[in-house]
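Note sheet for the following structure.
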Amino acid sequence: MTALLPRRGLAQILALIVILAVDRVVSPQFFDLRLQDGRLFGSLIDVLNRGTPVALLSLGMVLVIATRGIDLSVGAVMAICGAIAASLADSHGLPVVLAAALGAGLICGLWNGFLVAVLGMQPIVATLILMVAGRGIAQLITEGRIVTFSSPDLVWLGNGSVLGLPVPVAIALGMLILTGAVVRGSALGLLIEATGGNARASELAGVGTRAMILSVYVWCGVCAALAGVIAAADIMGADANNAGLWLELDAILAVVIGGTSLFGGRFSLVLAVLGALIIQTMNTGILLSGYPPEFNLLVKAAVVLAVLLLQSPKLSGFAGIMARLRGTKP
Amino acid sequence: MENGLDPAPPLLEVRGISKSFGAVRALQEVDFTLRAGEIHALLGENGAGKSTLIKVVTGVFPRDAGIVRLGGEEVAPRSAKAALQVGIATVYQEVNLLPNLSVAQNLFLDRQPMRFGIVREGEMRRRAKTLLADFGLDIDVAAALGNYSVAIQHVTAIARAVDLSARVLILDEPTASLDRHEVEILFGIMRQLAKRGIGIVFVSHFLDQVYEISDRITVLRNGRLVGERETASLPRLDLIRMMLGRELAETTSVRASEGEHGAREVCASFENYGKAGYVAPFNLELRRGEVVGLAGLLGSGRTETARLVFGAERADGGQARVEGAPVRLQSPRDGVRHGFGYCPEERKTDGIVAELSVRENIVLALQAKRGLHRPLSRREQDEIAKRYVKMLDIRPPDPERPVGLLSGGNQQKVLLARWLATSPRLLVLDEPTRGIDVGAHAEIIRLIRELCDDGLALLVISSELDEIVTYSDRVVVLRDRAHVEELAGEAVDVGNILAAIAADSVTVALEAHT
Amino acid sequence: MKGLPPVVITAFVLVAGFALCAVQFPNIASTRVVGNLLTDNAFLGIVATGMTFVIISGGIDLSVGSVIGFTTVFVALAIERWGVPPLVAFVAILVLSAGFGAAMGAIIHVFDLPPFIVTLAGMFLARGASFLLSTESVPITAPVYSTVSDFALRMPGGGRLTAVAIIMIVIVIGGALLLHLTRFGANVYALGGSRTTASLMGVAVGKMTVKIYMLSSLLAGIAGIVFSFYTSAGYSLSAVGVELDTIAAVVIGGTLLTGGQGSVIGTFLGVLIQGMIQTYINFDGTLSSWWTKIATGVLLFAFIALQQGLVALARRPVAKRAGAAS
Amino acid sequence: MTPKALFAASATVALLFALPANAAELTIGFSQIGSESGWRAAETSVSKQEAAKRKVNLKIADAQQKQENQIKAIRSFIAQNVDAIFLAPVVSTGWDSVLKEAKEAKIPVVLLDRDIDPSGKELYLTAVTSDSVHEGAVAGDWLAKTVGDKACNVVELQGTVGASVAANRKKGFDTAVAKHPNLKVVRSQTGDFTRAKGKEVMESFIKAEGGGKNICAVYAHNDDMMVGAIQAMKEAGLKPGKDILTVSIDAVPDIFKAMVAGEANATVELTPNMAGPAFDVVAAFKEKGTVPPKWIQTESRLLTAADNPQKEYDSKKGLGY
């Protein structure tokens, strides 16, 4: 029993199950799945598909937060990279498009990392700069219009399917595995956790903390770029005004729901992605429920608070339940 | 101090206190008595229950059983604040004041002199000035506390507690980060306070200091009371036996026979090495199988020397050599690459990563040295962790326990393990025994010797001269951020070191304060 | 006084920036523009004053923009639809917003949750609640509104010192006095230094946390009322994103986001710097939407970098205090 | 800090500010809402074109969708003593006091695209706007006419919650549809005026309404959301324009592209040229003192697949949508 359950994450899994159950109540066909044009079709797939951008953002964000940072610019970076991808899509091949977009994300990440790791700015302020300017840069690229494209390659990235799964979902899954492999397969994970846990001590132990901090912002930029490309591919156009708008908050929320502390240290990629899914399950449920949209934010606020309270160390009652499930004493 | 025959009830009387955390019984039926005007040492190894007792008495932890009487009246404070209100104040080792506030605000936080709801800043500063003058401090009280030395911060904390009309003052490891001179000042203040009738509980690992200042001693072991004795009638060995529950030589002197070191191979050398405004240029040779001690007052440039040697600070002149070859030490990474290791003085802020496990803390430096792309597999990590947990007797022997939950001594061992795992040629230890209980203390000294015998070069900083003399082959004495003398062989003894430290200024200061 | 050097630097940046703007657009150097600067940023100045307390105490409050939005809607509906006298409506909303802040503070303290997330939920909640009240903008026609919004002290040169500007200045001064001269203010700094230590030193950390967020929400409520004076209307989408402007103003004003240091006056100057950037962009009038954003970002960077550079420069010559005992 | 460093720093800032100002006969300040949609961007670029035609020096202040920024912009236009102020109000209320200031400064104000609350009638010269309630009604009438007597379940993609245009377009549509009991709005959610949200919301509508079989028509408050919804329908294996009727508002180029492909049925045009008539009005007012009517209503043309969508697309695609 103990071995089967994850060390952490029970609160998140429970929350997801409860929200799924609520979704089932408001929308009886929630769990229906069928094959449509070689691709799975149903609300569950929508949850995965729509959750992809935030899931990708949270993959980068969780590493940044693990180093005690925060990246407010990811929404703007999404817009920039989506705009680049859309502008190039009809004149260049997919590899060039992807390279340009991801390269731009990498540069954005380098800029943030430079401000935080080298100039020593506080992460919120440092990334606020790109958050403000970045959307402007994206609009500069698109000149304020929605740049549409018809390149089948890029469209496939948004709407195609792999083994019945939508491509974005497959990409997110791939990125999760890749990030996991890079972070846990190399020493990066340990060194990031050490940097976030105690930067001074890690520096004295010979860890290149600046390089760690720089690299997580770069990775965060790349993840945001990929999310931006997918968002653009999804609607076959780059909407610089709205792409990724306020998604930084959702990504931070996903990471925190995933149990990673905003004060850095221990992190979990899988749980961060699970956090993103929790948010999207809730959003999809709201859309399916048919309630007037005026209620959307209230429901969101209530769910966020409930999930956070579930995790709170101070709620000993729940901790007791968790402990009993794990078969240990509180 | 008054004589021991007191007709009145004792100032603080603790009877039958018990406290359990889950299945762990931290305190069992502990009694403790403190008289007015006495300095009472509370001793015991880490984990003996000293901190728990203090926290139960001051209401930080609720107690399971027992009573606390203050001046004959039963008290049951629910929080540190409530304890303060009834007159029990605690000053911890890590000064619990706010470095970002002014000294005056720190002294009067939450009780500033007010008029019409507004803090009377001038009045507050005047009072702060007067208050600190009683303790022999004349400083700018409007400046932020963080600008001052740890000693001044400590005195400020004590001044605050006393001014809060504390009748019982609990000092938890107050001397741990003070140099000798500062300890003298603190002891002067303690004696003065005792004369005023305040009862002082003194927790310390420095037995010399305990004998110097305390009137009586209470010893705890494994959550139980071992006994209470008059200090004057308790031989040192008996005390140690009470604390450890076993026989142990107080210190083990195993200094290598001199004459040999001249022949030893030089593993790192520093010529004219220094940094303006930090440490004056110095020459230093570190040889295999040799311990070099750095002695001097706090702020004399010991830690600064260590940081330069390791590469944590960049030198602005001079040449460092490793095995004869010139090297540049620009960052800790350079130091690590050349096979250096550094256990800093501030374990909590500069040493451990509290949240991470013992295993992860141990492999951290080795992993950093190997680089990202050559990760240690989980199996290798487990093996390394297991090996060092066993070798250094880290307790509890659970490599997956977050290191922040370990005692100070065990954290120190984890840090040692971290560097040993990198197979270093030179290890720099800054106050390796500070804040560590007697048992672990002796163990760490033994370890230092063993490492040295294994061919490691060691540079050790310590404020405890007895200790430094015990293990050092050579001792470099620092004063005013400069290396002033190097003692070797027969010359290494406390008297010579003191003489070198004292030179002129300090003896004058010491006289002025005693 | 605490945090003086950053304040001086921010003040210098403001004056230098203003001079440069005035060189290019002489019209800027008029009392009219200065009056506009104060009037247009009145609500921001008020809410930033509250945010300064929160940030110095080591927290953050993302809900303020939504609280402003909710306040305007509530006030408008109360006065226009429910027939409540304006003063009563003001008192009601201030009680309500203070209670809202207190609840967030209590959750942060009791459940030991990060303020960023709790106030983010608060932001959703307040905005959602204002949608529930009304999604339409509601004009306020009560006579007190035209009286207040038409009131202005004439400055020489045609400038107007409006009622809302006066309210803001009073609150900024009040906030500065509260922060620097009272026990509450000292406790705010104490919390920012270290919550645990502050608690051990006798500061009632829980109560302080509740009070600080209460103050922030209360000031957001006042800012909401000022906003409703400013626009004579209540609108559920008003003041979206103001929390970020506010945080930027506080930071430009020299307050550390890590807590423990900062000042209300610095924040006030930060608000004016932001207002000046916008005034400049408006005067220029050739910047398209995207250049406006980019220019704002570049200027934000320039100000922060300049300030950091100057602070570093100012600190360098100061040798570390020896601090030896007598 | 040294004076030298300060000087260097100031010089850097000075560079940022050193952008040239140009002179022209008539200077007009335009407080634009922002660039939240393609239509808005087109309005801005058409305004610039029209200004260039008439040699008007147009100062555009972008408010980033914030009323407070618009008020600031108007105040700085007044401070600059411009000849006239154009205002595209983000919200209908809250302009009284700043417009009073403009009136005191004798600067005429022309509203573009959107009207303000009636209480402010005497504060502006004229309003060049469409009637967004009417737009909704045109869409509703078209749907009623097209469907005839058949029962028809309509799903609605609303604009941003709280936006007055969204409320008006909903109101106009609801009124028109209410006259036909066979038309029923079964689901209504906000798509925030964006393609991405429009697509996401449509996806969930399709799931909730039996895979789209129960939906007979979609009404979107703007074309961008409809473009997203069309994609959602196609991905669900439905044929937009045939299985499900579409009607939306704005007439952006991409909706004509969809019409050409037979995937969209109708749109209601909102012309981006609001500034043109406004310039003429201001010029006449300045030169001859001609007082224009209080409301210059632009036409809300209904455009369907029958109206040569390819031509419409070609004429609009260069306008900066």
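The values are calculated or read from the model by the stated rules, or taken from the named source; none is laboratory data. Nothing here was measured: the structure is a model prediction, and the numbers come from that model. All Cβ positions, glycine included, derive from the backbone under ideal geometry; neighbour counts span all protein chains shown. Surface accessibility is based on the protein's heavy atoms, side chains included, excluding ligands, DNA and RNA. Shrake-Rupley method; radii C 1.70, N 1.55, O 1.52, S 1.80 Å.
Below is a table of values for the structure above.
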read-out	value
Cα-based radius of gyration of the stretch A:35-290 once divided by 2.2 N^0.38 Å, which approximates compact folds	0.97
Long-range Cα-Cα pairs in the stretch C:171-282 (distance over 23 Å), rounded percent	37
Computed over chain B, Kirkwood Rh from alpha-carbon pairs, angstrom	24.6
Accessible surface buried once A binds B (1.4 Å probe; total of both sides; Å²)	1900
Accessible-area composition of chain C, carbon plus sulfur, in percent [1.4 Å probe]	72
The protein assembly as shown, helix-only ellipticity at 222 nm - DSSP H runs n ≥ 4, -39,500 (n - 2.57), divided by all residues, nearest 500	-17000 deg cm²/dmol
Heavy-atom accessible surface of chain B: percent carbon and sulfur, 1.4 Å	49
10 °C / 1.306 mPa s Stokes-Einstein diffusion coefficient of the protein assembly as shown, Kirkwood radius on C-alpha pairs, µm²/s	45
Cβ-defined net charge surrounding D:I78, 9 Å radius [Lys, Arg +1; Asp, Glu -1]	0
Residues of the stretch D:63-84 buried by at least 40 Å² on assembly (accessible area, 1.4 Å probe, chain alone as reference)	D:Q64, D:K66, D:E68, D:K72, D:R75, D:S76, D:A79, D:Q80
Contact surface A-C: accessible area buried, both sides summed, square angstrom, 1.4 angstrom probe	3700
The stretch D:58-216: Rg to Rh, with Rh as the Kirkwood radius over Cα pairs	1.11
Globularity ratio of the stretch B:70-140, using Cα Rg and 2.2 N^0.38 Å	1.33
The stretch D:242-287: projected area of the alpha-carbon convex hull, averaged over directions, in nm²	3.6
Lys/Arg +1, Asp/Glu -1 at C-beta; chain C dipole; positive extreme among C:I225, C:A89, C:F301	C:F301
0 to 90° range, to nearest 10: angle between helix B:438-453 axis and chain B longest Cα axis	10
Among A:A172, A:A99, A:A66: highest mean-square fluctuation, GNM of chain A, C-alpha pairs under 10 Å	A:A99
Set of aspartates and glutamates near D:K48 by C-alpha distance (under 19 Å), chain-local residues within fewer than 8 positions excluded	A:E143, C:D284, D:E25, D:E36, D:D62, D:D83, D:D113, D:D280
Dipole in debye (nearest 20) - the protein assembly as shown, about Cα centre, beta carbon charges: Lys, Arg +1; Asp, Glu -1	1460
Share of carbon and sulfur in the accessible heavy-atom surface of the stretch A:35-290 [1.4 Å probe, %]	71
Equivalent ellipsoid, the stretch D:66-157 (semi-axes from 5 times Cα gyration tensor eigenvalues, Å)	38, 12, 10
Alpha carbon Rg of the stretch C:86-191, scaled by the compact-globule rule 2.2 N^0.38 Å	1.43
Karplus (6.51, -1.76, 1.60) ³J(HN,Hα), θ = phi - 60°, over the stretch D:54-71, in Hz, Gly and Pro reported as x	9, 6, 9, 7, 9, 9, 9, 10, 8, 9, 6, 6, 10, 4, 4, 5, 5, 5
For chain D, accessible area per residue (1.4 Å probe, heavy atoms of protein chains only), Å²	36
Ellipsoid equivalent to chain D - semi-axes via the Cα gyration tensor, in Å	40, 23, 18
Where C meets D: accessible area buried, both sides, 1.4 Å probe, Å²	4400
Extreme residue, positive dipole direction of chain A, given options A:N49, A:V62, A:A240 (C-beta unit charges)	A:V62
The stretch D:148-279 pair-distance distribution - Cα-Cα, 5 Å bins, rounded %	2, 11, 21, 24, 20, 13, 4, 2, 1, 0, 0
nm² value of the averaged projected area, convex hull over the Cα atoms of the stretch B:351-414	4.0
Cα-based equivalent ellipsoid, the stretch B:20-98: semi-axes from gyration tensor eigenvalues, Å	19, 16, 15
The stretch C:205-269 - accessible surface per residue (Å², probe 1.4 Å)	21
Solution diffusion estimate, µm²/s, Stokes-Einstein, the stretch B:383-486, Kirkwood Rh from C-alpha pairs, 37 °C, viscosity 0.692 mPa s	224
For the stretch A:134-216, convex hull of alpha carbons as volume per residue, Å³	141
Solvent exposure of the stretch B:351-414 as accessible area per residue, Å², 1.4 Å probe	45
Rg and Dmax of chain C, Cα atoms only, in Å	20.2, 71
Exceeding the 20 Å Cα-Cα cut-off - candidates D:K150/D:K171; D:K72/D:K103; D:K150/D:K234; D:K170/D:K197; B:K55/B:K81; D:K53/D:K257	D:K150/D:K171; D:K150/D:K234; D:K53/D:K257
